[in-house]
Amino acid sequence: MNYDILYSINYHEMTKHSEFSVMNSNYFLDWSNRPKPFKVYKDLSSLPLPIDFPHPTLNAVTAISNLSSNDKSLNNKNQIPSPLSSSKDISKIITLSDLSSLLFYSYGITRVMRFNSVDYYMRAASATGALYPIEIYVVAKGLGAELDAGVYHFNPGEFSLSAIRKGDYRSLLGSIAGNNTDITTSPISLIFTSYAWRNAWKYQLRSYRHWFWDAGVIVANLLAVTGSMQLYTRLIMGFLDDQSNRFLGLEDQKEASILIAAIDVDALKDKVNQEQSLQEKILDSFAPKVYPLSLEEIDYPEIWKAYNSSKLLDNAQVSGWINPQRKAEVDELDKKDNPSLGTLRQYTLPKSSMDDNGIDIGNSILKRGSTRQFSRLPIPFLTLSNILLNSTRGIPMDYKNDSNSLIDLYLVVNAVDGLEKGGYFFNSRNNSIDLLKDRLSRNISGHLCLDQSLFADASAVIFIMTDLKHVLDILGNRGYRATQMEAGITAGKIYLLSYAHGLGASGSTFYDNEVIEFFSPHAKQKETLIAIGVGIPSYRSKPGRVLPVRLTREQMIGAYSTFS
């Protein structure tokens, strides 16, 4: 089914927004049925994580760019080199304190906001609708006396780990991912899953897109923090979906695995030996009981049709996913020249040293929020340049080289010193932005983003787009996951880079076809994935804090609800 790409094409088309679809939607939110933000197991004990973990101190722009200095493909990209190096050169064994830092700065609670007598727990990474559908599982070799080898679920609500399985399961997880040695030789791997109903409560059928956006912004944090800790991370999307879901005890057609992150790749060279009987036992049905998210859940079969059509079902399909020829095809797609048709002027992007801005990545993450009002003041061209140059590379996926990309950036410039207002294309081939349309009304960016004034007030709005048909031809339906995930990671980098430079940012959905039409003929073969507005906030917000809360089980299962 993966190469019957009509599944992804049909899903994408049926979930597009238009003025007509938005104005004629009669869907309303049932606030009494809002899903709880935490997954809580009924019968599993939990291990509190230490709160005296290290603060990531690497320069924020350096950490966010995440470009490995040994990536030879950088030579063809004319990118700013990064001092980060693969752990093949520098590696260290993760401690439980290190793991706590990774989890907190990726997805921990940094703010508690009270509204209408309800506490909302805001996290280190943004989430559409603040619904937080992503769960993180830890597969650990064992960290000395601090943590036994096993499979754990991370609960941000009590900042703890719950043991799902005991023992060293890296070999089994590696076999699920096509005998992936990055997993079997890494002390820690994280598995990202989506709890579908949490986001579908608000976004309905379109929420399948959000699985990968919301996971992507978390991964952007993770990559920056592991970079600060000199831990090289590999992102793996080629694995057997059903086996991974069964491995974690996920409920069928409610939860799904979407990405594996192997951390400190090649740090340990020991061979992992598993007994065959243990492997067979793991693949038996296993579903620990959890508290329900809501009184009632609505099923959206088209979401699961899109997901199921993109599954990898055997080892041959996993091997095909990471085939060198496939990577070469992705590389050729990235190198493909974009048409110059309609280009009015070209502006070379100025470059600055990564160390020009002194904020560290930990504080950049704590500052990050979602801006609710922009001031309309202009931002420096150099700042916009740094955001563009450092957000699209350094995404180490298994289906491509680190510095390649499936996505393109288009932008509407409203107020940038040294640039005229207009619609632009970021040309990563020569580090320039090409003016496609000039003399624009400032309201156009707000209109494209569902007629929201917030995005008319932004200094610039960046639209992440892709040649979806070409991606699907190469990667099949799973390419839909990949390009949405890459867009989510890029959006997360844009968020962090904006806050590292003293700006604000906010994500938005959009009128799909109107964005394409606006940037056409240049973008006529592309599809829109995410929009991000950047600019100077009109207010001063307090940064988040190192705030690993310790909620009780009663608080977590009663959150957002009138029942418990």
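Checking residue 363 against (1) in a loop (DSSP other than H, G, I, E, B); (2) surrounded by fewer than 23 Cβ atoms within 10 Å (Cβ to Cβ); (3) of a type in the set (S, T, N, Q), only one condition comes out false. Which one?
Only one criterion is unmet by residue 363, namely (1).
Go through the residues of the range 27-47 one by one and say whether even a single one is farther than 30 Å from residue 310 by Cβ, out of contact with any strand residue (DSSP E or B) (no Cβ under 9 Å at 6 or more places or on another chain) and either outside the structural domain of residue 126 (by TED's automatic domain parsing) or surrounded by 13 or more Cβ atoms within 10 Å (Cβ to Cβ) (or both).
Scanning the range 27-47 turns up no residue that is farther than 30 Å from residue 310 by Cβ, out of contact with any strand residue (DSSP E or B) (no Cβ under 9 Å at 6 or more places or on another chain) and either outside the structural domain of residue 126 (by TED's automatic domain parsing) or surrounded by 13 or more Cβ atoms within 10 Å (Cβ to Cβ) (or both).
Pairs only if they're at least six apart or on different chains, beta carbon under 8 angstrom, first in the range 328-342 and over 19 Å from residue 395 (Cα atoms) and part of a loop (DSSP other than H, G, I, E, B), second at pLDDT 75 or above and of a type in the set (A, V, I, L, M, F, W, C); list them, first residue then second.
338/425; 342/436
Out of the residues in the range 390-412 that are β-branched (Val, Ile, Thr) and within 21 Å of residue 510 (Cα to Cα), state the one that is modelled with the lowest pLDDT.
Of the residues in the range 390-412, the ones β-branched (Val, Ile, Thr) are 392, 395, 407, 412.
When the remaining residues are screened for being within 21 Å of residue 510 (Cα to Cα), the result is 392, 407, 412.
On the way: 392: 85, 407: 94, 412: 98.
Result: 392.
Hey, can you tell me all the residues within the range 446-484 that are within 22 Å of the chain's Cα centre (by Cα), of a type in the set (Ser, Thr, Tyr) and outside any strand (DSSP E or B)?
480, 483, listed by residue number.
Within the range 347-355, does at least one residue satisfy the condition of being farther than 25 Å from residue 516 by Cβ, at pLDDT below 95 and surrounded by 16 or more Cβ atoms within 10 Å (Cβ to Cβ)?
Of the residues in the range 347-355, the ones farther than 25 Å from residue 516 by Cβ are 348, 350-355.
From the residues that got through so far, the ones that are at pLDDT below 95 too are 348, 350-355.
Then drop every residue that is not surrounded by 16 or more Cβ atoms within 10 Å (Cβ to Cβ), which leaves 354.
Yes; the residues of the range 347-355 include at least one that is farther than 25 Å from residue 516 by Cβ, at pLDDT below 95 and surrounded by 16 or more Cβ atoms within 10 Å (Cβ to Cβ).
Touching a residue at least 60 places away in the same chain (Cβ under 8 Å) and either of a type in the set (S, T, N, Q) or in the same structural domain as residue 16 (by TED's automatic domain parsing) (or both) - does that describe any residue in the range 462-471?
So the first thing to find is which residues in the range 462-471 are touching a residue at least 60 places away in the same chain (Cβ under 8 Å), and the list is 462-471.
If we keep only those that are either of a type in the set (S, T, N, Q) or in the same structural domain as residue 16 (by TED's automatic domain parsing) (or both) too, we end up with 466.
Yes, the conditions are met somewhere in the range 462-471.
What is the residue count in the range 3-26 for residues that are closer than 26 Å to residue 482 by Cβ, part of a loop (DSSP other than H, G, I, E, B) and either free of Cβ contacts under 8 Å to residues at least 24 places away in the same chain or β-branched (Val, Ile, Thr) (or both)?
2
Could you say whether any residue in the range 394-410 is part of a helix (DSSP H, G or I) and in the same structural domain as residue 507 (by TED's automatic domain parsing)?
Just the residues of the range 394-410 that are part of a helix (DSSP H, G or I), to begin with: none.
So far as the range 394-410 goes, no, none of its residues is part of a helix (DSSP H, G or I) and in the same structural domain as residue 507 (by TED's automatic domain parsing).
Please go through the range 143-159 and give me each residue that is surrounded by fewer than 20 Cβ atoms within 10 Å (Cβ to Cβ) and either charged (D, E, K, R) or touching a residue at least 60 places away in the same chain (Cβ under 8 Å) (or both), ordered by number.
Selection gives 146, 148.
Looking at the range 160-190, which of its residues are closer than 25 Å to residue 53 by Cβ, of a type in the set (Val, Ile, Thr) and buried (at least 24 other Cβ atoms within 10 Å of the Cβ)? I'd like the intermediate steps shown before the answer.
First, pick out the residues of the range 160-190 that are closer than 25 Å to residue 53 by Cβ: 160-166, 168-170, 173, 182-183, 185-190.
Okay, now just the ones that are also of a type in the set (Val, Ile, Thr), so 164, 183, 185, 188.
183, 188, listed by residue number.
Could you tell me whether residue 29 is in a loop (DSSP other than H, G, I, E, B), closer than 15 Å to residue 204 by Cα and touching a residue at least 24 places away in the same chain (Cβ under 8 Å)? Before the answer, list the steps.
Values: in a loop (DSSP other than H, G, I, E, B): yes; closer than 15 Å to residue 204 by Cα: yes; touching a residue at least 24 places away in the same chain (Cβ under 8 Å): yes.
Yes.
Just for helices (runs of 4 or more DSSP H) wholly inside the range 174-243: which have at least 2 residues that are within 20 Å of residue 101 (Cα to Cα)? Give the steps one after another, and end with the answer.
Numbers: elements: 181-184, 196-203, 207-228.
Hits in the range 174-243: 207-228.
Among the numbered conditions (1) over 30 Å from residue 476 (Cβ atoms); (2) within 25 Å of the chain's Cα centre (by Cα), tell me where residue 403 comes up short.
Against the list (1) over 30 Å from residue 476 (Cβ atoms); (2) within 25 Å of the chain's Cα centre (by Cα), residue 403 comes up short only on (1).
Given the options 534, 549, name the one that is at pLDDT below 95 and either touching a strand residue (DSSP E or B) at 6+ places or on another chain (Cβ under 9 Å) or surrounded by 18 or more Cβ atoms within 10 Å (Cβ to Cβ) (or both). Spell out how you get there, then give the answer.
On the way: 534 fails: at pLDDT below 95.
Only one candidate passes the filter, namely 549.
Looking at 311, 269, which one is in a loop (DSSP other than H, G, I, E, B), at pLDDT 95 or above and either of a type outside the set (Ser, Thr, Tyr) or crowded, with 16+ Cβ neighbours inside 10 Å (or both)?
Numbers: 269 fails: at pLDDT 95 or above.
The match here is 311.
Checking the structure you have, find out if any residue of the range 437-445 is crowded, with 22+ Cβ neighbours inside 10 Å and either more than 15 Å from residue 534 (Cβ to Cβ) or not polar (S, T, N, Q) (or both).
Start the filter on the range 437-445 by keeping residues that are crowded, with 22+ Cβ neighbours inside 10 Å, which leaves 445.
Of the ones still in play, those that are also either more than 15 Å from residue 534 (Cβ to Cβ) or not polar (S, T, N, Q) (or both) are none.
No, every residue in the range 437-445 fails to be crowded, with 22+ Cβ neighbours inside 10 Å and either more than 15 Å from residue 534 (Cβ to Cβ) or not polar (S, T, N, Q) (or both).
What do you reckon, is residue 415 under 26 Å from residue 129 (Cβ atoms), modelled with pLDDT of 95 or more and out of contact with any Asp or Glu (no Cβ under 8 Å at 6 or more places or on another chain)?
Considered against the rule, which asks whether it is under 26 Å from residue 129 (Cβ atoms), modelled with pLDDT of 95 or more and out of contact with any Asp or Glu (no Cβ under 8 Å at 6 or more places or on another chain), residue 415 comes out as no.
Within the bounds of the range 485-498, is there any residue that is outside any helix (DSSP H, G or I) and crowded, with 21+ Cβ neighbours inside 10 Å? Please lay out each step first, then the result.
Within the range 485-498, the first condition is being outside any helix (DSSP H, G or I), and the residues that meet it are none.
The answer is no; no qualifying residue exists.
Here is a list of conditions, (1) modelled with pLDDT under 90; (2) under 26 Å from the mean Cα position of the chain (by Cα); (3) of a type in the set (Val, Ile, Thr), and residue 387 meets all of them except one; can you say which number that is?
Checking residue 387 against (1) modelled with pLDDT under 90; (2) under 26 Å from the mean Cα position of the chain (by Cα); (3) of a type in the set (Val, Ile, Thr), the one that fails is (1).
The values are calculated or read from the model by the stated rules, or taken from the named source; none is laboratory data. As the structure is a computational prediction, the values presented were derived from the model and not from experiment. In this analysis, Cβ positions are derived from the backbone assuming ideal geometry, glycine residues included, and neighbour counts consider all displayed protein chains.
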